[in-house]
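Chemist: Below: one structure in structure tokens.
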Amino acid sequence: MAGSAKRITRSGRRESAEAAGGASPADVVDALVYLPDLKDFAAMNGEYRRFFGGAFPARATVGAGLLAPDGLVEIMMTAVTR
């Protein structure tokens, strides 16, 4: 699963930036991560760190079922653009 989580997290970056009207990672103020299996936290956290660099927004991670039955991770982010 770790490789899949990385691939999905990376591929979702473009989609999330477009959905946020071009917001950058620096504009993100908080994130809520849903993982169906908390054993995958380390893989997700590695990609989260890579995505944000060093300025991490507030984050909560919860174990929860996802809307997509075969989903591996869902991340909801709030961005504030200037």
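The values are calculated or read from the model by the stated rules, or taken from the named source; none is laboratory data. Everything numeric in this text was worked out from a predicted model, so none of it was measured. All Cβ positions, even for glycine, are placed from backbone atoms using ideal geometry, and neighbour counts span all protein chains on display.
Chemist: Of the residues Thr81, Thr61, which is among the β-branched types (Val, Ile, Thr) and at pLDDT below 85? Give the steps one after another, and end with the answer.
Modeler: Details: Thr61 fails: at pLDDT below 85.
Of Thr81, Thr61, the one residue that is among the β-branched types (Val, Ile, Thr) and at pLDDT below 85 is Thr81.
Chemist: For segment 28-66: of the residues being hydrophobic (A, V, I, L, M, F, W, C), under 20 Å from Arg82 (Cα atoms) and not in a loop (DSSP other than H, G, I, E, B), which is nearest to the chain's Cα centre (by Cα)? Explain how you work it out, then say what you get.
Modeler: First pass over segment 28-66, keeping only residues hydrophobic (A, V, I, L, M, F, W, C): 28-29, 31-33, 35, 38, 41-44, 51-52, 55-56, 58, 60, 62, 64, 66.
Next, only the ones that are under 20 Å from Arg82 (Cα atoms) stay: 28-29, 31, 52, 55-56, 58.
Within this subset, residues satisfying the condition of being not in a loop (DSSP other than H, G, I, E, B) are 28-29, 31, 52, 58.
Values: Val28: 11, Val29: 13, Ala31: 7, Phe52: 10, Ala58: 12 Å.
Taking the candidates together, the pick is Ala31.
Chemist: Which count do you get for residues in segment 68-82 that are part of a loop (DSSP other than H, G, I, E, B) and touching a strand residue (DSSP E or B) at 6+ places or on another chain (Cβ under 7 Å)? Give the derivation first.
Modeler: As a first pass, look at segment 68-82 and keep what is part of a loop (DSSP other than H, G, I, E, B): 68-73, 80-82.
Those left that are additionally touching a strand residue (DSSP E or B) at 6+ places or on another chain (Cβ under 7 Å): 73, 80.
Residues flagged as part of a loop (DSSP other than H, G, I, E, B) and touching a strand residue (DSSP E or B) at 6+ places or on another chain (Cβ under 7 Å) within segment 68-82 amount to 2.
Chemist: Which number in (1) β-branched (Val, Ile, Thr); (2) surrounded by fewer than 16 Cβ atoms within 10 Å (Cβ to Cβ); (3) at pLDDT below 90 marks the one condition that Val73 misses?
Modeler: Result: Val73 passes all but (2).
Chemist: Also: Of the numbered conditions (1) loosely packed, with under 12 Cβ neighbours inside 10 Å; (2) charged (D, E, K, R); (3) touching a Gly at 6+ places or on another chain (Cβ under 9 Å); (4) at pLDDT below 80, Asp37 fails exactly one; give the number of that condition.
Modeler: Unmet condition: (4).
Chemist: Among residues belonging to segment 18-34 that are aliphatic (A, V, I, L, M) and farther than 23 Å from Ala68 by Cβ, point out the one that is modelled with the highest pLDDT. Before you say what the answer is, go through the steps one by one.
Modeler: First, the residues of segment 18-34 that are aliphatic (A, V, I, L, M): 19-20, 23, 26, 28-29, 31-33.
This time we only want the ones that are farther than 23 Å from Ala68 by Cβ, so: 23, 26, 29.
Working: Ala23: 77, Ala26: 84, Val29: 89.
Taking the candidates together, the pick is Val29.
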